[in-house]
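To start, the structure itself, in structure tokens.
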Amino acid sequence: MKFRGKMVEISSIQHFTRILNTVGKLTKIAVLKIIPSHMYLTFNERITSGGSSLWCEIPQDHYFCEFNMEGLSPENNEIYLEFQIENLITAFKSAQAAKSIKLKLTKKHVPCLTLEVELPSLHSNSRCVVHDVPVLVIPRRLWEQFQEPSMIQFDVSIYMPSLKIVRSVVERMKNVGTFMTMFASSDGEIDLRCETDTVTITTHFKDLNLTSVSAHTSDKIKAECRIDIRKFNQFLFGQQINPAKVVCNITHHQMVQFSSCMMMFQFNISYLV
């Protein structure tokens, strides 16, 4: 297996770093999937314990001026690498003013993602800093665990209010309870409710735009899910790419999915109950 990519645009390096920072707020261990056209960052927690999952899609041609890879075989031209994402974030943070970054898969004492960072210098010769991030190459028999999650039928799909406002509400709710219930209705409303034996706190958001509702009825639809406040708070505070719009998809008593689509980046995180 081989992989090599090169970045030269400062904006691409900085944006890629923000993506890593966002993912790093949600998980310590991530999996990088590499194919000729895209890179993907993903993780899956145990669904039986109400876990969360991430699927981050990164078109390589928007970030890399050079990109070459050879997978396991011509029939399975993919690479899957597991690593501690904080190590890769630290490496990219040192390269925010770099002239170029070469990212490649190498074999040191263990397999590594190696960053060769070319830094500007006052002298004629550029400075070069090398970071080796240890990775675990995931065998073919486990690839199925890291595929794009299938899209189930959502009951309500609605645009979220300002994440800054939602973040302020959830930050206060996490001091009250461990779980909250999210309600979304087909008349453009979202309610966030935290309930304990002694107090119930509910915040109402109205006049929100819908993307779609379940087609099996023309009646008013209201879907709800119970989610972990701490994980939801991590998602809200982890946002460093400032999406213009975030869609909330709810399947009643099953899943809440948050999706933000930018020009070059799609981010989905789902809380399963």
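The values are calculated or read from the model by the stated rules, or taken from the named source; none is laboratory data. Quick caveat, the model's predicted, so the values are computed rather than measured. All Cβ positions, even for glycine, are placed from backbone atoms using ideal geometry, and neighbour counts span all protein chains on display. With ligands, DNA and RNA removed, areas are computed over all heavy atoms of the protein, side chains included. Shrake-Rupley method; radii C 1.70, N 1.55, O 1.52, S 1.80 Å.
Tabulated data for the structure shown
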{"quantity": "Residues of region 16-47 with amide N under 20 Å of the 7 Å Cα→Cβ point at GLN147", "calculated": "31-47"}
{"quantity": "Size-normalised alpha-carbon gyration radius of the chain, reference 2.2 N^0.38 Å", "calculated": "1.12"}
{"quantity": "Phi-based couplings in Hz for region 7-21 (Karplus 6.51, -1.76, 1.60; Gly and Pro marked x)", "calculated": "10, 10, 7, 4, 4, 5, 4, 5, 5, 4, 5, 5, 4, 4, 4"}
{"quantity": "As computed over region 24-99, the Cα convex hull volume per residue (Å³)", "calculated": "116 Å³"}
{"quantity": "For region 27-154: relative contact order, % (alpha-carbon pairs under 8 angstrom, 6 or more apart)", "calculated": "21 percent"}
{"quantity": "For VAL246, residues with placed amide H under 5 Å, excluding near neighbours", "calculated": "MET160"}
{"quantity": "Built amide H within the under 5 Å cut-off of VAL133, gap 5+", "calculated": "LEU113, THR114, LEU115"}
{"quantity": "Residue-level accessible surface for MET69, protein heavy atoms, 1.4 Å, Å²", "calculated": "30 Å²"}
{"quantity": "Whole-number percent relative contact order across the chain, with pairs defined as alpha carbons under 8 Å at least 6 apart", "calculated": "20 percent"}
{"quantity": "Region 54-147: Cα Rg divided by the 2.2 N^0.38 Å rule of thumb", "calculated": "1.23"}
{"quantity": "Over region 1-89, relative contact order from alpha-carbon pairs under 8 Å, at least 6 apart, %", "calculated": "41 percent"}
{"quantity": "Ranking by accessible area, most exposed first, for HIS62, HIS109, HIS131 with a 1.4 Å probe", "calculated": "HIS109, HIS62, HIS131"}
{"quantity": "Long-range HN-HN contacts of LEU72 with modeled amide H, under 5 Å", "calculated": "GLU78"}
{"quantity": "Folded to 0 to 90 degrees: helix 229-238 orientation relative to the chain principal axis, Cα", "calculated": "50 degrees"}
{"quantity": "Nitroxide proxy distance, nm - points 7 Å out along Cα→Cβ at ILE165 and LEU72", "calculated": "4.8 nm"}
{"quantity": "Given LYS222/LYS245; LYS6/LYS231; LYS33/LYS107; LYS102/LYS164; LYS25/LYS245, the pairs whose alpha carbons are separated by over 26 Å", "calculated": "LYS6/LYS231; LYS102/LYS164"}
{"quantity": "Solvent-accessible area per residue for the chain (1.4 angstrom probe, square angstrom)", "calculated": "52 Å²"}
{"quantity": "³J(HN,Hα) computed for each position of region 60-66 - Karplus, 6.51 cos²θ - 1.76 cosθ + 1.60, integer Hz, glycine/proline x", "calculated": "5, 6, 8, 10, 10, 7, 10"}
